[in-house]
Structure formats: C-alpha cells, structure tokens
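Here the structure comes first, spelled out in structure tokens, and everything after it is commentary.
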Amino acid sequence: MKLLAIETATEACSAALFIDGEVEERFQVAPRDHARLILAMADDLLLDAGIAVRDLDGLAFGRGPGSFTGVRIATGVAQGIAFGADLPVVPVSTLATLAQGALMDLGAPRVAVALDARMGEVYWGAYMTRGDGIMVMAEEERVCAPEAVPSLKDGVWLGVGSGWGPYGDILHHCCRERLDGMVPDRYPAARDVAWLGVHGLRNGRAVAPERALPVYLRDNVAKKPGERNR
Amino acid sequence: MLVLGIETSCDETGLALYDSEAGLRAHVLHSQVAVHAEYGGVVPELASRDHVRKTLPLLRRLLDEAGVGPEAVGGVAYTAGPGLIGALLVGASIGRSLAWAWGVPAVAVHHMEGHLLAPMLEPDPPAFPFVALLVSGGHTQLVRVDGVGRYRILGESLDDAAGEAFDKTAKLLGLGYPGGPAVAREAERGDPGRFRFPRPMTDRPGLDFSFSGLKTFALNTLQEVGADAGSRADISRAFQDAVVDTLAIKCRRALQETGLQRLVIAGGVGANAALRERLADIAAGAGGRVYYPRPLFCTDNGAMIAYAGCVRLAAGQREPLAIEARARWPMESLEAP
C-alpha cells in the first residue's frame, strides 16, 4: 500500500509517504509558511521514492482541530490532490495524531491530548491503544476550558500537547492521580497521520474528496449584531 | 488550452472553464450572501469555512455542465490576492494541488486584473489601451490599461470604496445587506430634488476619490428628517446621485487627461443601472464608448479568473510548486506575461 499524508494544523508542517510498512517524512517547524512548503515536501517524497501521484492508493490529512487556517490548508491540499488523482481520503484527527506519536515515540498506551485553543480553552481528547499499535478514541473530542475537561478513566495516562504548557497545573489537578507525566512540547507529525491513515483506509474510513472536510470543534466564531453585548 | 479558474477571495465561490480557442465553456457560482446577511457584513472565518465546503462540489458541477472530463483541463488559475487571506488560501490550496496532481501548469491571478479583463469575455471586447473604472465593495480605482499586466493607477479612493459606502449607507438606513442593490431600489422611488449631497473631491484636480463623508452626510440627513419610508427613498436617491456623479466626473477627467476614448467599467458597483447610463454618456462625449461585463461578471466570478489565467498561461507564465496568497498585492507590481 502507498499513502501520502500531510499535516499543517499547528506551527509544524509535514508530509509523509507510507510504502508497504515504511514511512519517509519531511518535517519543519515553520509558522505561517505551511502553504509555501507543503506541496514541495510531498513532491520531494514522491520523487525520492520514484513514484507518481497516480501510483498512490490513498491520501490522509490532519483534519483538525488546530489553527483554522492551517487545518484548511491541509484540507484544501488533500481535496485538490485527491480530486486530481482520483484517490480516497482519510481525515485524521490532530489530537489522535499527537496520541499516535506519543505511542510510537514514547511507548505511551494511554494519552490525554490537550492542544492550546487560545481564548482560555483547550482542544481535548483521550486516546488509547488496544495493543495493535493504533490509537483509538477513548473520550469524545471537545473544546472547553481546562477546568472543564472530563475525568480520565482506567489506568495511567500521559498528558501530551501544547495545552499542557500554559494549563499544566489546572489539567493536572483535573486528572489527579491518573496522570503519569506531561509532554507539552510535541507537534503532530505527518508520519503518524500516515499510520492512522493506512489503518483508516484498511478499515473503510476513507471518504470522497469533497467529503474531506475540517473538524474545527470551535464553531461559534462570529456573533450576530444582537448578540454583541451579552 | 482549457483553463480552470477558481475565485475565492471574498464571499463568492466561483469556478469556470475558459478555452483559448472556444472561449468560455462553463461557469458556476455559489454566493454566500445568505451566510453573512445576518451579520451585516462578510465574516472572514465563515467565508473561509464555506469556500472549503463548496469548491469541489462546484468543480464537479462545472465539469458536468461543460461536458468534459478532468483530463481535458490543461491549466489551473486561481485568485491569489488581494482579498481575505483565509478565503484566498482555500482556492489557492485546492487550485495549486489540483494542478500538481493533474500534472498541468498553474498560475496565480490578481483579483483586480480579473475584473479589469472581464469585459474580454463579452462578444465585443474593448481593444487596448483603455481607461478602466474598478468599482466594488473593496476597491475604487481608475486604471490606465495598455495591455495585459500593463497597468497604471490614475486615481483611487483614499478611504471607503464606493461599494463599501453603499453598504454602510444601506445599513444606517436599515435597508439590509448587500447594500448596493438595496439602495439602488430605494433610489428609484426617491425624489431627486429633495436633498443634495456633496460630490467629494471633484472641485480639485486629480483622480482620487473619497466616499466616507457621504455616509456621514446620509446619517446627518437621516437624523434631521427622520426615517420614514419617503425620506429613506429620498436619501438613497441623493446618495446614489452623488456617488454616480462623482464617479462620472472623475471618469470624464481620466479620459481627458489620457486622451483615450474607451472606458471599461468593472466590479460589483458596475452593475448599478444609473451608473451605467451616466458613464455611457461620458464615454460618448469623449468620442468613444463604454464597455462592461454582463452583470453576472461584474461581481466576483470564476470566469474572469479563468480568462486572465488563460492569457498568462498561454504566454508561458508558470507558478512554482508553492501555494501563495496575499491579502495585499499592488496591481502596479504586475508585469506583462
């Protein structure tokens, strides 16, 4: 199987190419430069592997939550490539990607992901593995104040993601004795989008290009004139 | 060469296919007016969210309507600026990536160049050189056009764009959004003799505009006489007369100063019937005539982007493998392809 993955939801920009169990990646922390970099990264990976876009079996992209603009760049690129090369697309959660990275790099089987959502809130999700090397959702993703995250169940969890920086104390207090540590300084990476994407493609979770859409979690982004002073 | 054009710079998602030999093959448009109407203006984040939902479904419809498969497309053009950066990035991301996956060239198009060249989509296009009045919700500019990419700004608005003044005046008169058509409708019933608004900056030399004072004048008048239906119509009439008159005076001056005879009107306000009528007289007075795109192509659309992109692609212009969008992009920095 050959799958291309892209991820631009945070300050990091990355692309990865999965070919039959091997993953190559291009990764760069480059705030505000994602649009300029992402296609060149993808092109470079295909060139190195000696394959064309049409040789791919599928595409995966970081569908959010994260920076609205960043998530839309990944979505737009995924839509364009998938429509152009007639490929199925797997939308992959940014929070799941961070959890997958913690599993692969740190061996953490249970991960509580908090991504700084600004405005005093975090994007929150809890992920665990059933032993097959793939992280699955244990708790519905949400955007909420750090004080309001739901309590963690069963076992010991690792806190991962930028939300554990500014809100580490509050989140720690909410998670109490279930927390095993905090790793705020990790970015979602396309190689982990690729692993989750391959798993999704094999399990029938791919969609048509026009159904490849962002998940923002934060949806009340504008106020109508009558709501301003409430 | 068959070129796909994608426009997402503000609150319209527009796509079109233009063929260098056969002309315009098909165009589709989704307007977000309903999305933004209840907010009283365009909400950039909502605009971006809508573009990313609508672009591919519109692309499928476009290919269907043209009766061609994707393999027929030989190039992709997309609006890269100026405009709302988040909205621009949607069209640019999809457009540049499509071109990469199809293995065809891409070109980034300047939104205002698209508007300038929109009359070229009509059966009797103007020949170069000409004077263009670009008049929309975001821009009011007089431009000397000597060819594709050869633009000199003769004058522009120092504050509000003419369309913005229409929107703001409509809002304070309680006429809703978008304001241009609403004010024009009211103005038809209005008494032209009851109020007289100033013609800003017409009493001094130069081709620059200023429209922000007119909405203040409208507000003061409204507070003086009250907001009954008759006064709303009369204020709309006086406001529209002042905008049309001001634009007409500057257009006549621009034709005189350049010695040119052809006048092109583009941009959303160019759909205003009173403006069209008045500028036809001005151009005739200069021994020339006025050219406009059909009303549908006065406002934002994909056809003008496909056309401008086709001209530039045919001349060999190519975009590197990077997605670029710019909120600001001076038109005079463009070059001939």
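The values are calculated or read from the model by the stated rules, or taken from the named source; none is laboratory data. Just so we're clear, the structure is a prediction, and the values are computed from it rather than from any experiment. Neighbour counts run over all protein chains shown; Cβ positions are idealised from the backbone, glycine included. Keep in mind that these areas ignore ligands, DNA and RNA; they rest on the heavy atoms of the full protein, side chains included. Shrake-Rupley method; radii C 1.70, N 1.55, O 1.52, S 1.80 Å.
Could you count how many residues in segment A:155-166 are without any contact (Cβ under 8 Å) to a residue 60 or more places away in the chain and open to solvent by 40 Å² or more (accessible area, probe 1.4 Å)?
Matching residues across segment A:155-166 total 3.
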**OP:** Those residues that are part of a helix (DSSP H, G or I) and either open to solvent by 10 Å² or more (accessible area, probe 1.4 Å) or within 7 Å of chain A (Cβ to nearest Cβ) (or both), I need them from segment B:36-54; list them, please.
**Re:** B:37, B:44, B:45, B:46, B:48, B:49, B:52, B:53, B:54
Original post:
Out of (1) closer than 29 Å to residue B:62 by Cα; (2) open to solvent by 10 Å² or more (accessible area, probe 1.4 Å); (3) within 10 Å of chain B (Cβ to nearest Cβ), the odd one out for residue A:74 is which?
Top reply: (2)
Original post:
Looking at (1) over 19 Å from residue B:96 (Cβ atoms); (2) modelled with pLDDT of 95 or more, can you tell me which one residue A:31 breaks?
Top reply: (2)
**OP:** Please find, within segment A:97-154, the residue that is surrounded by the fewest Cβ atoms within 10 Å (Cβ to Cβ) out of those that are polar (S, T, N, Q) and not in a strand (DSSP E or B).
**Re:** A:151
Original post:
Within segment A:172-220, can you find the residues that are more than 26 Å from residue A:60 (Cβ to Cβ) and of a type in the set (A, V, I, L, M, F, W, C)?
Top reply: A:174, A:175, A:179, A:182
Original post:
Which of (1) more than 10 Å from chain B (Cβ to nearest Cβ); (2) among the charged types (D, E, K, R); (3) outside any loop (DSSP other than H, G, I, E, B) is the odd one out, the single condition residue A:54 does not satisfy?
Top reply: (1)
Original post:
Looking only at segment B:150-166, which residues are open to solvent by 50 Å² or more (accessible area, probe 1.4 Å) and acidic (Asp, Glu)?
Top reply: B:156, B:159, B:164
**OP:** Could you tell me whether any residue of segment A:109-125 is free of Cβ contacts under 8 Å to residues at least 12 places away in the same chain and farther than 24 Å from residue A:72 by Cα?
**Re:** no
**OP:** Assess whether residue B:95 counts as being open to solvent by 10 Å² or more (accessible area, probe 1.4 Å), over 19 Å from the mean Cα position of the chain (by Cα) and within 20 Å of residue B:307 (Cα to Cα).
**Re:** no
**OP:** May I ask you to list the residues in segment B:107-149 that are within 21 Å of residue B:286 (Cα to Cα), of a type in the set (A, V, I, L, M) and open to solvent by 10 Å² or more (accessible area, probe 1.4 Å)?
**Re:** B:127
Subject >> Filter result (part of a helix (DSSP H, G or I) and within 14 Å of chain B (Cβ to nearest Cβ)) within segment A:171-230 >> reply: A:209, A:210, A:211, A:225, A:226, A:227
Original post:
Going through segment B:225-262 one residue at a time, which ones are open to solvent by 10 Å² or more (accessible area, probe 1.4 Å) and polar (S, T, N, Q)?
Top reply: B:240, B:256, B:258, B:261
**OP:** Looking only at segment A:91-108, decide whether some residue is under 14 Å from residue A:211 (Cα atoms), touching a strand residue (DSSP E or B) at 6+ places or on another chain (Cβ under 9 Å) and either within 14 Å of chain B (Cβ to nearest Cβ) or modelled with pLDDT under 95 (or both).
**Re:** yes
Subject >> Members of segment B:211-224 that are of a type in the set (A, V, I, L, M, F, W, C), open to solvent by less than 40 Å² (accessible area, probe 1.4 Å) and over 25 Å from the mean Cα position of the chain (by Cα) >> reply: B:222
